[in-house]
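**Q** Mind looking over this structure? Questions follow.
The values are calculated or read from the model by the stated rules, or taken from the named source; none is laboratory data. Only a predicted model underlies this, so the values are computations on that prediction, with no experimental measurement involved. Neighbour counts are summed over all protein chains in view; Cβ atoms, including those assigned to glycine, are modelled from backbone coordinates with ideal geometry. Each accessible area value is taken on the protein alone, full model and side chains, heavy atoms only, with ligands, DNA and RNA left out. Shrake-Rupley method; radii C 1.70, N 1.55, O 1.52, S 1.80 Å.
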Amino acid sequence: MNIMKNKISIVLVICVAVAVVLFSGGAFVKDMEFKLYDLSYVSRAHAEKSGDIILVGIDDISLNRLGKWPWPRDYFATLLNLLYYFKPSATGIDILFTEPDLTAPENDKVLGQLASLMKSVCFGYYFRFSLRSVPDNQPLDPVISGHRITRVTGDISGIIEAKSITLPIEELRSTMGYLNVPRGKGETDGDGANIDGVIRDLPLVVRYEDGIYPSFALQLVRMHLGLSYDDIELNAGRYITLLPKNEPPINIPVDSAGRMLIKYAGSLPSFKTISFEEILRAARDLSEQRQASLDLSMFKDKLLIVGLTATGMDVGQLPLPEKMLPLCLVHMNAARTILEKNFISRMPHKTAVAGAVLLTLATGAVSVFGVPLLSLFLFVCFLSFLMWGYYWLLQNGLWVPVVPSLMGVIGSFVAVTAVKLIREEKEKRWIKNMFGHYVSPNVLEDILHNRNNLALGGENRELTVLFSDIRSFTTYCEQRTPEEVVSILNEYLDVMTDVILENGGTLDKYVGDEIMAIFGAPGNAYADSHQYMAVKAAVSMLDALSRLHEKWAFEGREPFYIGIGINTGIMKVGNMGSKRLFDYTVIGDEVNVGARIEALTRDYNVPIIISENTYRLVDKYVKCTKLGSTMVKGKKNPVTIYSVDEITGIPPDIAEQISKNKKKNGRKL
């Protein structure tokens, strides 16, 4: 693992981890967390209808038949009078009766008497949490003081504190629970989960003056289970425990503010719903001694909530596909969550952030030090694991804040990938700048796919080296001006370089009039045929020189001739030099042999000489004449050499490469 090479990526991963810690508590992250949480309800079907909870809905039909809202209190008195005989375990009136019935004040007294007689009716009141609401405050009725939770442990300073209270009329204070449900964006009771206006949780208790008071939903559950206030324990910041007789305790998880996350079973289809008008019609049938149009026995031992369900009345935004729904559903789903013990706990913020940092660093480490495909595979695995684990844990009662982890995993992978892409692009540009003028496009493409071979120091490989030199060039230069020499030499070198590149060679260097070329490196484009390509290049160089002779004769310029030497063997090839200045070249004994063979072309008066090593590998495709064995400088044993007469064939792999090149760009090698 090259840590220094990847130091920028490592620093970026650390920066992403720090960003996760810094921004995990921000409003944007919270908002995204809530939206992701809400998606779990979009993909979830409505639960089966509750067997314990029934909604008496004041719906559009009821308003059409009974008149516009608000109704006279005798409608509700008729409802309670009927329910008295069919004994529901708890009846909650999710309506604020803060003003007396001006049309018939006696109805308020009748309604209050019926509620007291039933002993299982809960009316609603309203807490206000803003100091601006204090002028609306009412004195705390002694009755409500008897409806508070007294068994409290732990630090209650985090429990939401009310500043004022709005009570129902005096006749309707037998049993009460506060109805507060945050509605609009920013209208929250603290810094809770309703920051975006979506009601995901409900404060089950509120602190007011010196008491802790239960919510409307908690009161209904208490009455449904037949519990007294002594059967409720508040362990602040942890649980509200209900202690039903002869049954295991119910531990309701709450946060430091006393809020419980509601496990929404669904909207109205998830609850048995009876129209308010239908019940009044059944009451009228019974009073007239007719068969009731409704089976009223269904109400026995059930928890009833009377609430507004008519279009546009008392609605709020819930984390359900329908979004804007009757707010009575909040209390119903909260009660159902408790009764079915289907709770959701939220992982502590610090624990979630610590996990996010670990995942960020793990993703970064894999991305930095892993191979690209493995990094991509593990990145996809991390994301899949996160999302699958998130929804699985949520279904099993644990809400893990996953957005910080998603930020970290995606951020670290993207950051490292971006650095790698930038570095790779820089390396490609460097290679193109370094080799673009010295190798053929095919070889350059192979280099770009095998850049590890270009490390400083090189490697030992079997290659073929070609040396070309102009004969008697010193005498040629003495007879001409420098400008003439430079002009003709540049033209010559330009043509010869093109020939070498077209035949898959790499131009190593110019040394005056001498050309040195490598075949078989860099890359592996002609790994098995570099000997043949070198010989073919030499023959093509002579053909190109012949065409130059014709041109120069037409221009009145004197031609010159060249000698070419070729040798094959094991050589050291790669970037050689210092870290500041280096060249891609070959060194070794076989390179020196190639240079010595080129010098022998003058002695044998032939244009191309190849060594025995090269000849053995091309004799099937090249016609040669054996010149004999000779001693070369630096070699103890004689070297057998051959002159090249003509090319008679082509290796299969070269033929295949030529066919590919024709299809690719129409060029013939």
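**Q** Assuming Arg281 fulfils every condition listed in (1) of a type outside the set (A, V, I, L, M, F, W, C); (2) over 30 Å from Tyr37 (Cβ atoms); (3) open to solvent by less than 50 Å² (accessible area, probe 1.4 Å) apart from one, which condition is it?
**A** Answer for Arg281: the failing condition is (3).
**Q** Here is a follow-up. When residues of region 286-324 are filtered for being outside any loop (DSSP other than H, G, I, E, B), modelled with pLDDT of 90 or more and within 27 Å of Leu204 (Cα to Cα), how many remain?
**A** 7
Rundown of residues vs (1) out of contact with any helix residue (DSSP H, G or I) (no Cβ under 9 Å at 6 or more places or on another chain); (2) crowded, with 17+ Cβ neighbours inside 10 Å; (3) of a type in the set (Gly, Ala, Ser), yes/no style:
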| site | (1), (2), (3) |
| --- | --- |
| Leu243 | no, no, no |
| Pro249 | yes, no, no |
| Gly258 | yes, yes, yes |
| Gly307 | no, yes, yes |
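**Q** So, Gly389, is that one open to solvent by less than 50 Å² (accessible area, probe 1.4 Å) and without any contact (Cβ under 8 Å) to a residue 60 or more places away in the chain or not?
**A** yes
**Q** Output the number of residues of region 476-497 satisfying the condition of being of a type outside the set (A, V, I, L, M), assigned to a helix (DSSP H, G or I) and open to solvent by 70 Å² or more (accessible area, probe 1.4 Å).
**A** Qualifying residue count for the region: 6.
**Q** Continuing with this model, one more query. Does Gly184 count as at pLDDT below 85 and touching a Lys or Arg at 6+ places or on another chain (Cβ under 7 Å)?
**A** So Gly184 fails the test.
**Q** Looking at region 507-527 only, could you name the residues that are over 18 Å from Tyr584 (Cβ atoms) and surrounded by 13 or more Cβ atoms within 10 Å (Cβ to Cβ)?
**A** Asp513
**Q** Moving on. Which pairs turn up if I take residues in region 66-86 that are under 13 Å from Leu111 (Cα atoms) and look for partners that are in a helix (DSSP H, G or I) and open to solvent by 60 Å² or more (accessible area, probe 1.4 Å) with beta carbon separation below 7 Å, at least 6 apart in sequence or on another chain?
**A** Ala77/Val110; Tyr84/Leu117
**Q** Something else about it: Can you tell me which of (1) modelled with pLDDT of 90 or more; (2) open to solvent by less than 10 Å² (accessible area, probe 1.4 Å); (3) over 22 Å from Leu303 (Cβ atoms); (4) not aliphatic (A, V, I, L, M) is the one Asn235 doesn't meet?
**A** Result: Asn235 passes all but (2).
**Q** Under 6 Å between Cβ atoms, which residue pairs at least 6 apart in sequence (or on different chains) link something in region 160-175 that is open to solvent by 40 Å² or more (accessible area, probe 1.4 Å) with a partner that is small (Gly, Ala, Ser)?
**A** Sorted first by the residue in region 160-175, then by its partner, the pairs are Glu171/Gly112.
**Q** A further question follows. Check Val357, Val371 and return the single one that is touching a residue at least 60 places away in the same chain (Cβ under 8 Å) and over 30 Å from Leu202 (Cα atoms).
**A** Just one listed residue meets the conditions, Val357.
**Q** Right, another one. Just a yes or no: is a residue in region 346-364 over 28 Å from Val11 (Cβ atoms), of a type in the set (A, V, I, L, M), at pLDDT 85 or above and surrounded by 14 or more Cβ atoms within 10 Å (Cβ to Cβ)?
**A** For region 346-364, residues over 28 Å from Val11 (Cβ atoms), of a type in the set (A, V, I, L, M), at pLDDT 85 or above and surrounded by 14 or more Cβ atoms within 10 Å (Cβ to Cβ): present.
**Q** Among the residues of region 86-101, is any among the hydroxyl-bearing types (Ser, Thr, Tyr), over 55 Å from the mean Cα position of the chain (by Cα) and more than 21 Å from Gly312 (Cα to Cα)?
**A** No, there is no match, as no residue in region 86-101 is among the hydroxyl-bearing types (Ser, Thr, Tyr), over 55 Å from the mean Cα position of the chain (by Cα) and more than 21 Å from Gly312 (Cα to Cα).
**Q** Residue by residue through region 392-414, note down the ones that are more than 16 Å from Met32 (Cα to Cα) and open to solvent by 20 Å² or more (accessible area, probe 1.4 Å).
**A** Result: Trp392, Leu393, Gln395, Asn396, Leu398, Phe413, Val414.
**Q** Where in region 528-628 are there helices (runs of 4 or more DSSP H), lying wholly inside it, with at least 1 residues that are among the hydrophobic types (A, V, I, L, M, F, W, C), in contact (Cβ under 8 Å) with a residue 40 or more places away in the chain and surrounded by fewer than 19 Cβ atoms within 10 Å (Cβ to Cβ)?
**A** Because the criterion is at least 1 residues that are among the hydrophobic types (A, V, I, L, M, F, W, C), in contact (Cβ under 8 Å) with a residue 40 or more places away in the chain and surrounded by fewer than 19 Cβ atoms within 10 Å (Cβ to Cβ), the helices (runs of 4 or more DSSP H) in region 528-628 that meet it are 530-555, 589-604.
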